[in-house]
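The values are calculated or read from the model by the stated rules, or taken from the named source; none is laboratory data. Everything numeric here is computed off the predicted structure, so don't read it as measured data. Ideal geometry is used to build each Cβ from the backbone, glycine not excepted, and the neighbour counts take in all protein chains shown. When the accessible area is computed, the model is the full protein with side chains, heavy atoms only, and any ligands, DNA or RNA have been set aside. Shrake-Rupley method; radii C 1.70, N 1.55, O 1.52, S 1.80 Å.
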Amino acid sequence: MNRTCHCESASGGRGNLEIASSLRSSQRLCRLGVNIDHIATLRQSRRGKEPDLVKGALICEKAGADSIVCHLREDRRHIQDNDLFFLKKRIKIPLNLEMAAAEEIVKIALKTRPSRVTLVPEKRAELTTEGGLDVKGNFKHLKKTIARFKKAGISVSLFVDPEISQVKASQEAGAQFVELHTGIYANQKGKGKEEELEKLRKMTEFAISCGLKVDAGHGLNYENVVPVSRVSGIIGLNIGYSIIGYALFIGLEKAVKEMLKLVKEEKE
Ligand code: PXP
């Protein structure tokens, strides 16, 4: 597909508002993907069977989550290969598998067939995903990997920083979705936070003009999620750490429902 992307508003002019508003009217409510990695983190701390990951996913589903997200890391620090199999078998809502574009994991994903894969960068020593994928720098490999997934009927999202070059490269590589990295927004305060939010708004508009669908996530919590869920054109948020942490005090079903209340507020 050879689309022309527009980011006039990012450079001071008007953006491609027609495309953005047609998507907006059909998607005024954000979807919530609940990342359940940290249920598995707790289980792996004892290498035991509890807490039961599938049970957790089913509680999220019952509470109204739109998808279940999990990250099969190369070091298997939380989610294990078998988890994918059981999640896929038991949940009815879509499974979104976060993963590095590493051959071993790609093969597992092709075999498990989640509804969507989200390609992320991965470093062994990191505590969590640090920043977005360098799509430009790994273009050839990512394009080939994306084509393999699309051929298998699995949709592909790329986790990228809100930067024009990375969003444009995502479209050129054949991704259907981008997930904009909100980690910097989450860590900023005051004016810096507002600037990051504005970046997310502009990159959402730009990505939509490229024909991409837009999700966002990382570092979002009960305090900072609403301004992001209100961004026109963002159709899904993927949130894990804060929901699972809050669930320790109020229970998983309530924690998901409280986040849903914030995320599902109708956009203007
Ligand atoms: N989106 C992506 C691509 C991620 O890698 C993660 C963390 O696994 C999340 C969303 C969720 O981030 P958090 O756990 O900070 O809510």
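Summary table
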| item | result |
| --- | --- |
| 222 nm mean residue ellipticity, helices alone, for the chain (DSSP H n ≥ 4; -39,500 (n - 2.57); rounded to 500) | -13500 deg cm²/dmol |
| Relative contact order (%) - criterion: Cα under 8 Å, at least six apart; region: the chain | 23 percent |
| Rounded accessible area per residue of segment 12-263, 1.4 Å, Å² | 47 Å² |
| Extended-chain gain in nm, criterion 0.36 nm per residue less alpha-carbon gap, Ser115 and Lys55 | 19.6 nm |
| FRET efficiency estimate (nearest 0.05) - Cβ-Cβ, Phe249 to Lys140, R0 45 angstrom | 0.45 |
| Gaussian network model of the chain, Cα within-10 Å springs - most flexible of Leu220, Leu197, Leu110 | Leu110 |
| Accessible carbon and sulfur surface of segment 12-263 relative to its total accessible area, %, 1.4 Å | 54 percent |
| Separation in nanometres of the label points that stand 7 Å from Cα toward Cβ, at Leu42 and Phe86 | 1.5 nm |
| Eligible lysines near Lys254 by straight Cα distance, threshold 24 Å, same-chain separation 8 or greater | Lys49, Lys55, Lys62, Lys88, Lys92, Lys264, Lys267 |
| Reference-scaled alpha-carbon Rg (2.2 N^0.38 Å with N residues) for segment 96-186 | 1.01 |
| Charge dipole magnitude, Cβ of K and R +1, D and E -1 - the chain, Cα centre, debye nearest 20 | 880 debye |
| Whole-number D in µm² s⁻¹ for segment 12-263, Kirkwood Cα-pair radius fed into Stokes-Einstein, 37 °C, 0.692 mPa s | 180 µm²/s |
| GNM result for the chain, Cα springs below 10 Å: residue of Ser232, Ser67, Ser115 fluctuating most strongly | Ser115 |
